[in-house]
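Novice: Sharing a structure, written as structure tokens. Questions coming.
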């Protein structure tokens, strides 16, 4: 079993976190993408709508995830939950996963219902805890 970092990023924050974790663990990354633009104010509103209403959408994966990979999922927090593209990805994959939420000011309210989740972490900009959380994630997977 190998570790892989899978991420979705609306504005680059989750991508930056995923790159830091992937680099420290020397593991591969895969990016979840959609054909929808999530940029700027309307992207923010659209993201909250899609997530809070569980709206269906098509996702693509840039990279490969094998059935025996253990995943570190990095996702922005939308409407208190993992963003909709990540929620759809998790429904389609049964890999054991640890989820790292990124947000400006809130912590995740969703701890169950995301599939085979082994743990969650919250990086919150106003708490200035990004480096500490990343270190905790790296330590968890370095000791496996």
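Any read-out appearing in this document is the output of simple, stated calculations on the displayed coordinates, not a laboratory observation. Keep in mind that what you see is a predicted model, and the values were worked out from it rather than measured.
Novice: Using 10 Å bins from zero, what percent of all Cα-Cα pairs in the chain falls into each bin?
Specialist: 12, 47, 35, 6, 0
Novice: Within region 3-142, what percent of beta bridges assigned by DSSP are antiparallel, to the nearest 5? Display every interim value, and only then the final one.
Specialist: On the way: 5 of 26 bridges.
Of those bridges, close to 20 percent are antiparallel.
Novice: If each DSSP helix of 4+ residues adds -39,500 (n - 2.57) and the sum is divided by the residues in the chain, what number results at 222 nm, nearest 500 deg cm²/dmol?
Specialist: Taking each H run of at least 4 residues, the total per residue is -10500 deg cm²/dmol.
Novice: Taking 8 Å as the Cα distance limit and 6 or more residues as the minimum spacing, I'd like the relative contact order of the chain as a percentage. Before the final figure, lay out the partial values.
Specialist: Values: 264 pairs, mean separation 33.5, N = 144.
The value is 23 percent.
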